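So the structure is just underneath, and the comments pick up after that.
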């Protein structure tokens, strides 16, 4: 690529890349510092918590003179979401891939001393060796390479059997444990990219649906093809690989135990407290990330399906066609001597358009006038009405305790599973948790074992749960059920 081509590419990234925009923002150090501190404990933070934290920091910055601004925290958070640095989903905000890239770049500036370590060379050598075996079309060559690896492993086993245990040096241990952290820290970026690709796929499909005249069946086939392409991307393959690891209980348990073993050894002192905490919670963090990817994918598919079934794309296409025709007429008016009172053969099915001249037309920006003449002011009440309370379908723990006591009075001492044979649980996990709370509150005897219980959720779905065995007796309940301290 020539100098001009390279310059054009960098200039486009300078203007469009979200991570680069974050790094060159006016208050980039303050923004990056706040985001690092905000997400140090969890990858998801409630919007309200983020707003309170940012308000506190803004007030502190105003007092110290670091950041003099009159903008409130909500405006800044909305601006960062719109800029593509944060993502808001179900009132929970999280970092985007662009934000992860910018933060990793800044963190990497302090870790340049590890950029040319022996562990890097070892990883490259092992990758080259494995790849050479995988792509070799010659079976004999593969056998020779695999036997060489087998000989190395056997040599190490023989040394261990002879009582020779080779220990890594202090420097090698430091390099390798930091290398593990560096590799693990970029895993979340794969999930962020999957989320971005899902959203980009949704936008692309909607544009294609509007611009094409395909049937609904052809549109759904395109959705399936996009799903297949999404799984074949680098980020998609990384996500699918981790999901397979998560589904394999033995592999995931082994991985978790190995991480715990590393962190319990003296080598963990080479990591900071934050790095150790990150590795200790790595499996839980990745599980949470994968769950969010599934949630985003599921919601995108549901919205796309509703969009297709509603026929909204047909209406959008009709409006777009009509506006394009209006634009064409407007352009012709400017270059021709046409009486402005000339009647046009265009029918507008609904609404009204007020145009004084072609010059005043605001194309593609419809402005609807809202009639507020009949709007009446209502004062909000701080007392919930009966209709509002009827919409709240929650499990009442005191009522659960009363039903459990009634069963025990008639049937004698029982475990929670035994109680469920006489008192069916039909409100899902919430009702099961209420039973456990009652057992704890009355001091039921815990037998140190587990039992299976079948429960039904509010939608009628049956599932099984494994819970501790508590033996309850009616004598453990007070005469007045309201006296139970739950």
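What follows draws every value from the coordinates through simple rules; no lab data is involved. Nothing here was measured: the structure is a model prediction, and the numbers come from that model. All Cβ positions, even for glycine, are placed from backbone atoms using ideal geometry, and neighbour counts span all protein chains on display.
The distance separating the Cα centre of the range 408-486 from that of the range 18-90 comes to 46 Å. Between residue 199 and residue 69, the modelled labels are 2.0 nm apart [label points 7 Å from Cα along Cα→Cβ].
Please list 249-257, 84-92 highest first by mean number of surrounding beta-carbon atoms within 10 Å per residue. Show your work: numbers first, answer last.
Working: 249-257: 11.9, 84-92: 16.4.
Per-residue mean Cβ counts within 10 Å order the peptides as 84-92, 249-257.
Label-to-label distance for residue 10 and residue 321 is 4.8 nm, based on points extended 7 Å past Cα in the beta-carbon direction. Mind giving me the FRET efficiency for residue 441 and residue 60? R0 is 51 Å, r the Cβ-Cβ distance, nearest 0.05 is fine. Plugging the Cβ-Cβ distance into 1/(1 + (r/R0)^6) gives 0.70.
The modelled label-to-label distance between residue 395 and residue 461, using points 7 Å beyond Cα along the C-beta direction, is 1.6 nm. Between residue 376 and residue 165, full extension at 0.36 nm per residue minus the direct alpha carbon distance yields a gain of 67.6 nm. With the highest mean first, a sort of the peptides 454-464, 15-25, 439-449 on other beta-carbon atoms found within 10 angstrom per residue produces 15-25, 439-449, 454-464.
If R0 is 30 Å, what FRET efficiency do you get for residue 155 and residue 135 from their C-beta distance, rounded to 0.05? The value I calculate is 0.70.
Taking 0.36 nm per intervening residue step and subtracting the Cα-Cα distance, what contour gain separates residue 265 from residue 186 on full extension?
Values: separation 79, 0.36 × 79 = 28.44 nm, distance 2.37 nm.
Here the segment from residue 265 to residue 186 would lengthen by 26.1 nm.
Stretching residue 403 away from residue 122 to a fully extended chain increases their span by 94.7 nm, per 0.36 nm per residue minus the current alpha-carbon distance.
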